[in-house]
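Peer 1: Below is one structure. I have some questions about it.
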Ligand SMILES: [Zn+2]
């Protein structure tokens with residue numbers, strides 16, 4: 001999809017595209033060929049650690065071995081990827097063509113990964129920052145321990161508290177994303193509105209113990 005006012009594209013994969021990461025994919029490997037078939041660029045990605053660190057990608061092929069949960073870039077040839085199963089994949093774009101990709105689980109959101117990514121984009125010249133949210137686990141499937149849920153509510157506000165379909169305490173991850181975007185003055189302009197646990201077309205660690213990862217790829221046309 002193309003989103004926002006600028007030249008930025010975003011694509012989320014599902015089960016049909018198979019396991020896309022997170023692994024090094026060198027020249028000609030089966031994984032690299034499948035990545036290239038989706039978006040024919042050199043993908044940039046980092047080792048995701050559920051933190052708030054951001055990597056600024058200065059060109060295709062970077063970064064080597066960075067640990068971060070968000071990538072941003074103003075380079076026209078850059079192609080940013082994050083890998084998720086139930087966590088939230090967030091694409092970011094500005095009219096200037098500054099782009100970002102964020103892997104946002106509840107720990108990363110509490111650490112402020114969305115704000116860090118938006119700041120890093122503004123440092124690169126982004127004026128208005130817009131977001132699109134991909135498939136992630138939704139509240140009806142995301143049972144949470146009461147202690148962790150209290151911590152999330154302390155940090156992100158009462159609207160992230162929910163219940164599962166069976167009436168258990170649950171975290172509303174899409175709402176936690178919306179709150180975080182609002183805090184960072186980023187407008188959510190698109191939401192795939194798909195629950196990875198409910199959807200047979202997506203991988204879910206929580207629902208099915210699946211280890212495969214889907215990709216969010218963000219690039220400039
Ligand atoms: Zn669900």
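Every number here is computed from the coordinates shown, using simple stated rules; none is lab data. Treat the numbers as computed from the prediction; the structure is a model and nothing was measured. Because the Cβ atoms are built from the backbone with ideal geometry, glycine has one as well, and the counts that use them run over all protein chains shown.
Peer 1: So if we plug the beta-carbon distance of residue 163 and residue 24 into 1/(1 + (r/R0)^6) with R0 = 30 Å, what FRET efficiency do we get, rounded to 0.05?
Peer 2: The calculated FRET efficiency here is 0.15.
Peer 1: Could you work out the Kirkwood radius for region 85-186, taking every pair of different alpha carbons, averaging 1/r and inverting it, reported in Å?
Peer 2: Kirkwood radius, region 85-186: 13.8 Å.
Peer 1: How long are the semi-axes of the equivalent ellipsoid of region 38-129, taking √(5λ) for every eigenvalue λ of the Cα gyration tensor, in whole Å from largest down?
Peer 2: Semi-axes from the Cα gyration tensor: 18, 16, 11 Å.
Peer 1: Still on this structure: Just the number, please: percent antiparallel of the DSSP beta bridges in the chain, rounded to the nearest 5.
Peer 2: The antiparallel fraction comes to roughly 75 percent.
Peer 1: Would you mind calculating the gained length between residue 154 and residue 119 on full extension (0.36 nm times residue separation, minus the Cα-Cα distance), in nm to one decimal?
Peer 2: Fully extending the segment from residue 154 to residue 119 adds 10.3 nm.
Peer 1: Can you give the relative contact order of the chain as a percent, counting alpha carbon pairs under 8 Å and 6+ residues apart?
Peer 2: 27 percent
Peer 1: Which order do peptides 82-90, 30-38 fall in by mean Cβ count within 10 Å, highest first?
Peer 2: 82-90, 30-38
Peer 1: Stretch residue 50-residue 185 to full length: gain in nm at 0.36 nm per residue minus the Cα-Cα span?
Peer 2: Using 0.36 nm per residue and subtracting the Cα-Cα distance, I get 46.4 nm.
Peer 1: On a C-alpha basis, how far is the centre of region 122-169 from the centre of region 1-79 in Å? Whole number, if you could?
Peer 2: 23 Å
Peer 1: For the modelled label position 7 Å from the Cα of residue 140 along Cα-to-Cβ, which residues of region 193-210 have backbone nitrogen atoms closer than 12 Å?
Peer 2: Label zone hits: 194-199.
Peer 1: If you don't mind, another one. Highest GNM mean-square fluctuation, the chain, Cα pairs closer than 10 Å: which of 187, 140, 24?
Peer 2: 24
Peer 1: Considering the zone a paramagnetic label at residue 17 would reach in this model (a point 7 Å from Cα along the Cα-to-Cβ line), which residues of region 181-221 have amide N under 13 Å from it?
Peer 2: 202-203, 213-219
Peer 1: Kindly express, to the nearest 10 degrees and within the range 0 to 90, the angle between helix 173-183's C-alpha long axis and the longest C-alpha principal axis of the chain.
Peer 2: 70 degrees
Peer 1: Ratio of the chain's C-alpha Rg to 2.2 N^0.38 Å, to two decimals?
Peer 2: 0.95
Peer 1: Just to confirm the number: angle between the C-alpha axis of helix 113-123 and the first principal axis of the chain, 0 to 90 degrees, nearest 10?
Peer 2: Its long axis makes an angle of about 30 degrees.
Peer 1: I want to verify a result. In a Gaussian network model of the chain, Cα cutoff 10 Å, which of these has the top mean-square fluctuation: 113, 189, 56?
Peer 2: 189
Peer 1: Here's a follow-up. Could you order the peptides 156-168, 91-103, 205-217 from most to least packed, using the average number of other C-beta atoms within 10 Å per residue?
Peer 2: Packing proxy ranking, top to bottom: 91-103, 205-217, 156-168.
Peer 1: On a full-extension model of 0.36 nm per residue, what is the gain between residue 31 and residue 194, subtracting their alpha-carbon distance, rounded to one decimal in nm?
Peer 2: Between residue 31 and residue 194, full extension yields an extra 56.2 nm.
Peer 1: Right, next: Calculate how steeply helix 146-156 sits against the longest principal axis of the alpha-carbon atoms of the chain, using the helix alpha-carbon long axis, and give the answer as 0 to 90 degrees to the nearest 10.
Peer 2: Roughly 60 degrees, rounded to the nearest 10.
Peer 1: Per-residue ellipticity at 222 nm for the chain, helices alone: DSSP H runs ≥ 4 residues times -39500 (n - 2.57), over residue total, nearest 500 deg cm²/dmol?
Peer 2: The per-residue figure over the chain is -6500 deg cm²/dmol.
Peer 1: When the scattering of region 37-92 is computed by the Debye formula from its Cα atoms alone, each counted once and equally, what is log10 I(q)/I(0) at q = 0.14, 0.15, 0.16, 0.30 Å⁻¹?
Peer 2: Reported log10 I(q)/I(0), two decimals: -0.34, -0.39, -0.45, -1.37.
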